[in-house]
Amino acid sequence: MAHLRKGTLLGMGNPLLDISAVVEPEYLVKHNLGPDDAILAEDKHKEIFVQLQEKYKVEYIAGGSVQNSLRVCQWIINQPNVAVFFGCVGEEKYAKILQEQAEKDGVDVRYQKRKEHETGKCAVLVTGKHRSLIADLSAANHFSEDHLKIEENFKIMTNADFYYVSGFFLTVSPPSILTFAKTALERNKPFIMNLSAPFISQFFKERLMEAMPYIDILFGNETEALTFATEQNFETKNLKEIGQKMTKLKKLNSNRPRVVVLTQGHNPVLLFENDTIREFPVLELKESDIVDTNGAGDAFVGGFLAQLIQNNSYEECIKCGICAARAIIKRSGCSVGGDFEFS
Ligand code: 26A
């Protein structure tokens, strides 16, 4: 593999500690949760965090969508500090655990720290192949744009070649996202985003559409794409039409077309570029190989980015994304380690 420069890829998002447990489907019903939700915790969800730790066998795993993707990307390229991460944590032991984990996996972590807030956490309720995510952002929600103005961070930001932010982060700091987006545009570098969850397209629509003209590469899964289409009055439920319409939304950097990548579980991944649609098959995993699907989407992005930052073709990016997602589904949460086999 070619040598990659440190700081090539810069990501920004919510660093979260995942508290994961297998629960019975009735537990989801009781709390009015869907099997594949990804939501922000409200007061009524606070008891879930207590109950999980008291009544279930929990695992504590480094999480947070963008941080997961960067850890997977680092795992694949296997050269430390090519990916840098910005996000906000507290100052207790959970912040240390997250930082140590991400650094062990090779990510150059540059956290903003807020000692008056706890590090964010995410309840991961696993039922069979499904996982329901309830995020209590806490410190992550207090990320501020000041972090990007610190000289060292500013240097990192103005030297990166690829910029990646989750849609989730639209709930936290839209000004920071726009700063990333504008920096990418000025420097003619790809600005990459993820729809992250249906609630982003529903309840953070204006913020999402403010970022949209800057987006060079957009990721989403089928439910996120369908929700986006409904919210934008696309008047179609056909994923192929939706993806094409997404590529045609206003775009500021005319040097390259917007590329849209839509995943749909074990159905083919769709790649939209100019007026072409390409489909990439996904081999369904054996039931017995599935541990949990927590982090599968993030791993897909991590695998994709690992090839993209080496300037490999989109075909290669998607194949590596599929391979990374498969590997993560066979493990608990988004945990990396050992050799990555790209076949
Ligand atoms: C703002 N929200 C809801 C979130 C998240 C999130 N990461 C950032 N912001 N909700 C869940 N996650 C993370 O998604 C991963 C699985 O894709 C979880 O921490 C989990 O590791």
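Observations on the model:
- Among the numbered conditions (1) within 15 Å of the ligand (Cβ to nearest atom); (2) out of contact with any Cys (no Cβ under 9 Å at 6 or more places or on another chain); (3) within 30 Å of residue 310 (Cα to Cα); (4) of a type outside the set (Phe, Trp, Tyr), the only one that residue 62 does not meet is (2).
- Only residues that are surrounded by fewer than 14 Cβ atoms within 10 Å (Cβ to Cβ), assigned to a loop (DSSP other than H, G, I, E, B), in contact (Cβ under 8 Å) with a residue 24 or more places away in the chain and more than 16 Å from the ligand (Cβ to nearest atom) were counted in segment 7-59, giving 2.
- When 129, 121 are checked against the criterion of being in contact with an Asp or Glu (Cβ under 6 Å, 6 or more places away or on another chain), within 16 Å of the ligand (Cβ to nearest atom) and of a type in the set (Lys, Arg), 121 stands alone in meeting it.
- Comparison of 292, 298 shows that the only residue that is closer than 22 Å to residue 17 by Cβ and outside any helix (DSSP H, G or I) is 292.
- Residue ID - surrounded by the fewest Cβ atoms within 10 Å (Cβ to Cβ), chosen from residues in segment 287-314 that are free of Cβ contacts under 8 Å to residues at least 40 places away in the same chain and farther than 20 Å from residue 105 by Cα: 288
- Among residues that are part of a loop (DSSP other than H, G, I, E, B) and within 16 Å of the ligand (Cβ to nearest atom), residue 253 is not included.
- The number of residues in segment 88-118 being closer than 16 Å to residue 18 by Cα and within 14 Å of the ligand (Cβ to nearest atom) comes to 7.
Here is a yes/no grid of residues against (1) modelled with pLDDT of 95 or more; (2) away from the ligand (no atom under 16 Å from the Cβ):
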residue: 221; (1), (2): yes, no
residue: 235; (1), (2): yes, yes
residue: 246; (1), (2): yes, yes
residue: 249; (1), (2): yes, yes
residue: 268; (1), (2): yes, yes
residue: 289; (1), (2): no, yes
residue: 292; (1), (2): no, no
residue: 295; (1), (2): no, no
residue: 300; (1), (2): yes, no
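- Residue tally, condition hydrophobic (A, V, I, L, M, F, W, C), assigned to a helix (DSSP H, G or I) and farther than 27 Å from residue 309 by Cβ, over segment 121-160: 1
- Segment 227-256 - residue that is in contact (Cβ under 8 Å) with a residue 24 or more places away in the chain, hydrophobic (A, V, I, L, M, F, W, C) and crowded, with 17+ Cβ neighbours inside 10 Å and, of those, farthest from residue 166 (Cα to Cα): 239
- Every residue from segment 231-252 that is within 16 Å of residue 195 (Cβ to Cβ) and among the acidic types (Asp, Glu): 231
- Of all residues in segment 185-211, those that are of a type in the set (Asp, Glu) have Cβ atoms under 8 Å from Cβ atoms of residues that are surrounded by fewer than 21 Cβ atoms within 10 Å (Cβ to Cβ) and outside any loop (DSSP other than H, G, I, E, B), 6 or more apart or on another chain, in 210/174; 210/178.
- When residue 318 is tested against (1) hydrophobic (A, V, I, L, M, F, W, C); (2) closer than 25 Å to residue 78 by Cβ; (3) within 16 Å of the ligand (Cβ to nearest atom), exactly one condition is not met: (3).
- Filter result for residue 226 (within 15 Å of the ligand (Cβ to nearest atom), assigned to a helix (DSSP H, G or I), of a type in the set (A, V, I, L, M) and at pLDDT 95 or above): no
- Test: residue in segment 171-193 that is outside any loop (DSSP other than H, G, I, E, B), out of contact with any Ser or Thr (no Cβ under 8 Å at 6 or more places or on another chain) and near the ligand (Cβ under 10 Å from one of its atoms): yes
- Test: residue in segment 203-217 that is assigned to a loop (DSSP other than H, G, I, E, B) and closer than 22 Å to residue 7 by Cα: yes
- With respect to (1) assigned to a loop (DSSP other than H, G, I, E, B); (2) among the polar types (S, T, N, Q); (3) in contact with a Pro (Cβ under 9 Å, 6 or more places away or on another chain), the lone exception for residue 310 is condition (3).
- Residue within segment 272-286 that is surrounded by 24 or more Cβ atoms within 10 Å (Cβ to Cβ), within 16 Å of the ligand (Cβ to nearest atom) and closer than 23 Å to residue 190 by Cα present: no
The values are calculated or read from the model by the stated rules, or taken from the named source; none is laboratory data. Keep in mind that this is a model prediction, so the values were computed, not measured. Positions of Cβ are backbone-derived with ideal geometry, glycine not excepted, and every protein chain shown enters the neighbour counts.
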